Amino acid sequence: MGTLAVVAIGGNSLIRDQGHLTVEDQYRAVCETAFHIAGMTARGYGVVITHGNGPQVGFILRRSEIATYVAAMHRVPLVSCVADTQGSIGYQIQQAMDNEFRRRRLGSAAVTVITQVVVAAGDPAFQKPDKPIGSFCTQEEAVRIAKDNPDWIMVEDAGRGWRRVVPSPRPREIVEKDVIRDLAGAGYCVIAAGGGGVPVVRAADGTLTGVDAVIDKDLAASLLAAAVNADLLVISTAVPGVYLDYGRPGARLLPAANLAELKRYAAEGHFAAGSMLPKIQAVISFLENGGQRACITDPAALEEAVAGRAGTQLYP
């Protein structure tokens, strides 16, 4: 295995628009992304893939709510929804990657690891939910949803619409890191820490217990990249790269930046919380912990960005 890359696929980038929300639509988007990731493998990269799950977790929770109202079925805890999406999205990515490997005669294979990520029980995020999940809606729809679900918190998300927010504690440890590292070292394409990982807290005796939260997948990807000693962190999202003054007149694509510049732009407020800011924070953490390079781009430009010719290139 040559250069090892952790590739983080955004949950929203697997859904093109409101007209393409089905499982079949998502699989087609997964296949397009898999085509480009397989191109990385063909060029000698070892790859660990992680993915977002914000819209998908929201869908599962909404189905659970409807089933409770209509058929008096039990509700599915948020932590179980996260695990469900690790399996369902991981299955799609695994199948798409294996099909691409077979088509290209690469002799590689993909495997999905259901991954737990340790968070602190006392993390202040549990008192201040701010992680968007589910699909976007209008303000009028948000008011109705909040009325039907009094324990849900709905907020406006970066000018794109209204979404539910849930606790998002900071990831502290990838429980299955040794397994993931060994599989990647053996040449497997590993899908891991999906949706940021299943959030768990560790008791004094080492016992793990799941908690209802969603870990930011980009921060988890950064932690995962450090745990497996990755050389490159790739964040695939719904936009071509990082923009300064995003959503304002004069917005411009940032082609490259070093660590000091990136910190300055973040301090100046160029990146929206719940949108680009967690990606920037993830890159900063990765570069500060020995990462050699990171890039942020959309799925279509993935191979070009890895080659340094597209997206936003970020360096120590």
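The values are calculated or read from the model by the stated rules, or taken from the named source; none is laboratory data. Here the structure is a predicted model, which means the values were calculated and not measured. Every residue, glycine as well, gets a Cβ built from its backbone with ideal geometry; the counts of neighbours run over all protein chains shown. Just so you know, the surface numbers come from the protein's heavy atoms only, side chains and all, with ligands and any DNA or RNA stripped out. Shrake-Rupley method; radii C 1.70, N 1.55, O 1.52, S 1.80 Å.
If you take the residues of the range 85-128 that are in a helix (DSSP H, G or I) and basic (K, R), which of them is most open to solvent (accessible area, probe 1.4 Å)?
Looking at the filtered set, the residue picked out is R102.
Which of (1) aliphatic (A, V, I, L, M); (2) within 17 Å of I89 (Cβ to Cβ); (3) at pLDDT 90 or above does A42 not meet, given it meets every other one?
Failing condition for A42: (2).
Say whether the condition of being small (G, A, S), in contact with a helix residue (DSSP H, G or I) (Cβ under 7 Å, 6 or more places away or on another chain) and part of a helix (DSSP H, G or I) is met by at least one residue in the range 45-60.
Yes.
Any idea which residue in the range 285-306 is nearest to S168 (Cα to Cα), counting only those that are open to solvent by 40 Å² or more (accessible area, probe 1.4 Å) and of a type in the set (D, E)?
Looking at the filtered set, the residue picked out is E288.
So which of A257, A282, A273 ends up being open to solvent by less than 30 Å² (accessible area, probe 1.4 Å) and not in a helix (DSSP H, G or I)?
On inspection, the qualifying residue turns out to be A257.
Take the residues in the range 230-247 that are touching an Asp or Glu at 6+ places or on another chain (Cβ under 7 Å) and in a loop (DSSP other than H, G, I, E, B), then tell me which one is modelled with the lowest pLDDT.
Of everything passing the filter in the range 230-247, A238 is modelled with the lowest pLDDT.
Would you please name the residue that is least open to solvent (accessible area, probe 1.4 Å), looking only at residues in the range 67-84 that are farther than 15 Å from T50 by Cβ and in contact (Cβ under 8 Å) with a residue 24 or more places away in the chain?
C81
(1) without any contact (Cβ under 8 Å) to a residue 12 or more places away in the chain; (2) touching a helix residue (DSSP H, G or I) at 6+ places or on another chain (Cβ under 9 Å): which one isn't true of S64, the others all being true?
With (1) without any contact (Cβ under 8 Å) to a residue 12 or more places away in the chain; (2) touching a helix residue (DSSP H, G or I) at 6+ places or on another chain (Cβ under 9 Å) applied to S64, the lone miss is (1).
Restricting the range 232-251 to residues that are surrounded by fewer than 15 Cβ atoms within 10 Å (Cβ to Cβ) and without any contact (Cβ under 8 Å) to a residue 40 or more places away in the chain, which is nearest to A272 (Cα to Cα)?
D245
Go through the range 129-146 and report how many residues are under 18 Å from L61 (Cα atoms), of a type outside the set (D, E, K, R) and either touching a residue at least 24 places away in the same chain (Cβ under 8 Å) or in a loop (DSSP other than H, G, I, E, B) (or both).
7
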